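As structure tokens, the structure follows; a few thoughts come after it.
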Amino acid sequence: IGRFAGSCERRILTPGSSAGLPVNVLGSLAAPPAALRDDPEALRERVVGAVGGLLGLLGLGADPLQSREHILLSTLFERAWRAGRDLDLASLIHQVGRPPVERVGVIDLESFFPARDRAAFAMRINNLLASPGFELWLEGESLRAADLLFGPGGRPRLSIVSVAHLSDAERMFVVTQVLSELVSWMRTRPGSSSLRALLYMDEVFGYLPPTANPPSKGPMLTLLKQARAYGVGCVLATQNPVDLDYKALSNAGTWFLGRLQTERDKARVLDGLESADAGASLDRAGVDTLLSGLQSRVFFMHNVHEDEPVLYHTRWALSYLAGPMTRDQIRRLRATSDPAPDAPEPAPDPAAPTAAAPTAGSAPGSERPVVPAQVEEGFLPVCEAPGPGERLLYTPALLASADLHYTRASAELDLWRRCTVLAPLDGRDANPWKEMRELRARPDLEAEPEPGAAFAALGAAASRATSYTSWRKRLTSVLYRERRLPLWRTRKPKLVSAHDEPEDEFRARVRQALREERDVRVEKLRARYAPKLRRLRDRIERAEARVEVEREQYDQRKTSSLISIGATVLGALFGRKIASAGTVGRASTAARSVSRTAKERGDIGRAEEAVQRVREELEDLETRFEADLETLETSLSLDGIEIESLSVPLRKSDCAVEGPMVVWCPWRVEDAGRRVPAWSEADLASAGAEG
């Protein structure tokens, strides 16, 4: 128990509740990693899973081919995620009301999904967001597979996602998001023949049915078909074998079957076993008899790697068999086992200046400033129109993009990154890039402003075309100095992190590499010792057989000696001549027989000593094998591995800056002077730590 407690961190996650660790399941609406976005099939699976789970939470149908809600949301999700933009319910509500597309397929948007119906659909999503208690779904850490599997420093985690307190629709949503996140994480990992992670799901009934197609079925089928190639194992348990898709479960290599109560259950299980055998011979009658006679905690084990099925008796284990824990029990367990999580960082004040915030030096007016003809300009879309007592104000900012090239031969690195930055223009500083921030993607701009809007002053420097050439060169210098690419590396094993791989995930990859190396070296160690162990065991068998032979010879010799002595004594007592030649000869023969018997007894002792010597050699060899194995385990421990930081500068000669251009950022200005962004933060999401 102590080794188990020290080997991993255990957590109970309760989405939609504060009993355990809250988790922001809706954080899974964030854009998936670039590796998955570049795979059209994988991205499509992720989109279908996310949209299906969300529509299930709303109580709507989730048919990808028939539901127009599903098709519209899939279009919005795929468009945003391909551009690397995150989504949340708030931005989704706005995009449903005003989609950034004009056509769906070949049909125009209004014919496919009229504005009135879209408004009702957006209101339904808004009702979900405004429902009592829904704020619990937005608390806690985001749902990331890497955080479920590994803690700080790459330490393994046992994450238990409890859904017993949720409704059926909420359970389906959570399970779908967890499975989809695991599939996305899995597709970004390299293949592995060693176990990297394990998914265990208790009671899979309803999530993998034979006929229906719930949102959870797609990612679960993907895991059953492909997870083993990435080192991810799946353990699924149920008490309802009739309601499982056995075509899907035929991908499971090992089946444990307990006692089945009905003939229907047994028939379906036997059909599934025949399907899993892929045509191999199965003694259906014999298996039926075994399944009918199973005792408690005895299982019928079918393994595709074994020649025939076997009965499996479970080991003794301490279990209270108390059933699902209540929220109070989870809360008490969390209070006694895990420290309180760190308080989340407060959300930024929406009224606080972010990009291109207007300053006191800006003099708003109704006239639109003139931008030099050689300079492009655009307008951020207004997502929230001014309300009563408010007016719309545009403030200028600089938008530029650059292609950054990072190379390092020792790290096998040759990376191009697209960098988009936004910096406010206040007209007072010759270096506007001091307050720039990097965006996750280049925003979609409009060609014309909203009618009736006011504009802040552009500034004298921004009114000269030569300033933009100077700003382009200055931005190149700033990016060269500040945009170094942080990496992690180890010298033994010789590994370097990917450009977007956090330290915790890199530590987990190093641990996996050490584990794979350990597996290979353990197999080599076993292969080196196996012939020696086999020869010693063969010598023991031969020596023990020799002991048996010597014992049999000794028993025969002893019997013969007794008979010979008895005949000699009787002949001497009852013969005609006591000292006759025959009597003397028999006495001499009996004496030699006794001597040979004593020699046979000595042979037994020597044979037993030979057996003992070989056994001691075997014990000594096994001790050396265990010592070598322990030394191997110690040498491949992560504790002795030093992880170094590596900073890669970009190649300044390859740094090509596009722009800068003038972007007008809309603000809602109240009569009291308070200013609130009128654009969507989802369209202007910051790259954050990735920058």
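The values are calculated or read from the model by the stated rules, or taken from the named source; none is laboratory data. Worth saying up front: this structure is predicted, and the values here are computed from it rather than measured. Using ideal geometry, Cβ is built from the backbone for each residue, glycine included, and neighbour counts are taken over all protein chains shown. Remember, those area values only see protein heavy atoms, side chains included, never the ligands or the DNA or RNA. Shrake-Rupley method; radii C 1.70, N 1.55, O 1.52, S 1.80 Å.
Using heavy-atom solvent-accessible surface (probe 1.4 Å) with all chains present, what is the largest-first order of 12, 125, 107, 1? Present the calculation step by step, with values, prior to reporting the outcome.
Numbers: 12 30, 125 0, 107 80, 1 175 Å².
Per-residue accessible area, sorted high to low, gives 1, 107, 12, 125.
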Per its Cα gyration tensor (rounded if a/c is under 1.5, else prolate when a/b beats b/c, else oblate), region 431-482 is best filed as oblate
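Given a 1.4 angstrom probe, what's the average accessible area per residue across region 234-314, in square angstrom?
Details: 4830 Å² over 81 residues.
Accessible surface, normalised per residue, equals 60 Å².
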To the nearest 10 Å², what's residue 48's accessible area with a 1.4 Å probe?
-> 50 Å²
Sequence-distant residues sharing a close amide H with residue 488 (under 5 Å, placed H) = 497, 646
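Of 217/524; 217/494; 494/524, which ones are farther than 31 Å apart at the Cα? Before the final figure, lay out each step's value.
On the way: 217/524 41 Å; 217/494 40 Å; 494/524 21 Å.
Violating the 31 Å limit, Cα to Cα: 217/524; 217/494.
Could you rank the peptides 374-383, 513-522 by their average count of other C-beta atoms within 10 Å per residue, with the highest value first? Spell out each step's value before the answer.
Working: 374-383: 17.9, 513-522: 16.3.
Order by mean packing, descending: 374-383, 513-522.
Got a number for carbon plus sulfur as a percent of region 429-542's accessible area, 1.4 Å probe? Spell out each step's value before the answer.
Numbers: 3190 of 6690 Å².
Within region 429-542, the accessible surface is 48 percent carbon and sulfur.
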Specify, per residue and in Å³, the volume enclosed by the convex hull of the alpha carbon atoms belonging to region 189-318.
-> 132 Å³
Show the residues, 5+ positions off or on another chain, whose built amide H is closer than 5 Å to the amide H of residue 150.
-> 157
Using the heavy atoms of the protein chains and a 1.4 angstrom probe, tell me the accessible area per residue for region 380-443 in square angstrom.
-> 44 Å²
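Less than 15 Å Cβ to Cβ from residue 121, Lys/Arg counted +1 and Asp/Glu -1: what total charge do the surrounding residues give? Could you put the intermediate results ahead of the total?
Working: positive: 68, 98, 116, 118, 124; negative: 69, 110, 117.
Taking every other residue near residue 121 into account, the sum is +2.
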Show the residues, 5+ positions off or on another chain, whose built amide H is closer than 5 Å to the amide H of residue 194.
-> none
Whole-percent carbon and sulfur share, accessible surface of region 8-90, 1.4 Å = 50 percent
Please work out the average accessible area per residue across region 453-494, using the 1.4 Å probe convention, and give it in Å².
-> 56 Å²
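Per the 1.4 Å probe, what fraction of the accessible area of region 160-260, in percent, lies on carbon and sulfur atoms? The partial results should precede the final answer.
Details: 2310 of 4360 Å².
Of the solvent-accessible surface of region 160-260, carbon and sulfur hold 53 percent.
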